[in-house]
Ligand SMILES: Cc1ncc(C[n+]2csc(CCOP(=O)(O)OP(=O)(O)O)c2C)c(N)n1
Ligand code: SF4
Ligand SMILES: [Mg+2]
């Protein structure tokens, strides 16, 4: 029988390969939610399609599982309809930077108070190992047999240059640090991106646990309020920095700018319908 223990669902059957980095991200997320003293009913996780997008299936929270690449618009809408909820959009590098790349750009512009967790394994895991937008130049796959011939997307540089209000990168191998940064992203008021390096042990034999350990280092002596410095650090290629690159607490979140929330934050569903106003609105559309 399935047992539920706060955010964990015990004895749930996961579809992930043994040793996949997704298990560590799941653990870090559970830890972060617990440490923030959130209750399962206060949290919504929105995801699309992919191995990473299955994460909310293994958590005791509210969830909405939509189309490939389309998690960010419903996440923005959920937050706008019920601003008291903690809303997280979660998925893979293909889901969020490829099929959902358009939504990535426009969500940054809107700055809703949501957390964006991207499991970046630099490959399409679910569909068995094709190149993703973050696959390295030259990365060979059963489809890209001569190696990838496009430059990878740099999600951090893109987000910082677009004015995202919180931008971070972590490696899931350090569960404690991953949980800590996810916590800070949730606490941030506004759009918060956490790009999470996650080895795919089955289809990416280049960017392994060992590779990530050897090619990353912790950001130190860095002013995360300096956007130019953040962009410069995000462009580093030799070794990839980990930590909070940029944060700006002065930007007003999307839903706080909506006039319907000016005086009260009550979820839309609990508000009384003003039939007269609705009638007038419908009438105005007819003329
Ligand atoms: C519109 C659309 N295009 C393509 C697919 C097929 N598809 C499903 S998951 C996926 C890639 C998932 O890769 P990623 O988001 O990196 O997640 P991962 O499995 O690596 O965690 C693709 C191409 C789809 N379901 N819908
Ligand atoms: S295919 Fe890769 S990303 Fe998917 S579960 Fe297996 S190891 Fe993880
Ligand atoms: Mg992927």
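Any read-out appearing in this document is the output of simple, stated calculations on the displayed coordinates, not a laboratory observation. A quick note: this is a predicted structure, and the numbers were derived from the prediction, not measured. Quick reminder, even Gly has a Cβ in these numbers, built from the backbone with ideal geometry, and neighbours come from all protein chains shown.
Some notes on this structure:
- Multiplying the residue separation of residue 250 and residue 238 by 0.36 nm and subtracting their alpha-carbon distance yields 1.1 nm.
- Each of 226, 95 was scored by other Cβ atoms within 10 Å of its Cβ. Listed from fewest to most, they are 226, 95.
- Peptide packing: for 210-216, 267-273, 178-184, the average count of neighbouring Cβ atoms within 10 Å per residue gives the ranking 178-184, 210-216, 267-273, highest mean first.
- Candidates 31, 276, 41, ranked by Gaussian network fluctuation over the chain, Cα under 10 Å, top entry: 276
- Between 164, 75, 15, the GNM of the chain built on Cα springs shorter than 10 angstrom shows 15 fluctuating the most.
- With Cα atoms, 0 to 90° folded angle of helix 275-286 axis to the chain main axis: 70
- Fewest-first ordering of 27, 277 by other beta carbons within 10 Å of each residue's beta carbon gives 277, 27.
- Rough spin-label spacing in nm, given labels placed 7 Å along Cα→Cβ, for residue 109 and residue 145: 4.1
- Whole-Å semi-axes of the ellipsoid equivalent to the chain (Cα gyration tensor, √5λ, descending): 33, 22, 20
- Rounded to the nearest 0.05, the FRET efficiency derived from the C-beta distance between residue 211 and residue 283 at R0 = 51 Å is 0.20.
- Modelled spin labels at residue 35 and residue 162, positioned 7 Å past Cα toward Cβ, are 2.8 nm from each other.
- Centroid-to-centroid separation of region 1-28 and region 239-273 [C-alpha atoms, Å]: 30
- Gain in span if fully extended, residue 57 to residue 10, counting 0.36 nm per residue against the direct Cα distance: 15.7 nm
- Shown for 2, 202: other C-beta atoms within 10 Å of each C-beta, ranked fewest to most, produce the order 2, 202.
- Look at the alpha carbon pairs under 8 Å that are at least 6 residues apart: their mean separation over the length of region 3-258 gives a relative contact order of 19 percent.
- Think of it as helices only: each DSSP H run of n ≥ 4 in the chain is worth -39500 (n - 2.57), and spread over all residues that comes to -8500 deg cm²/dmol at 222 nm.
- Cα→Cβ-extended label distance, 7 Å offset, between residue 221 and residue 271, nm: 5.2
- Region 35-50 residues near the modelled residue 3 label - backbone nitrogen below 20 Å, point 7 Å along Cα→Cβ: 40
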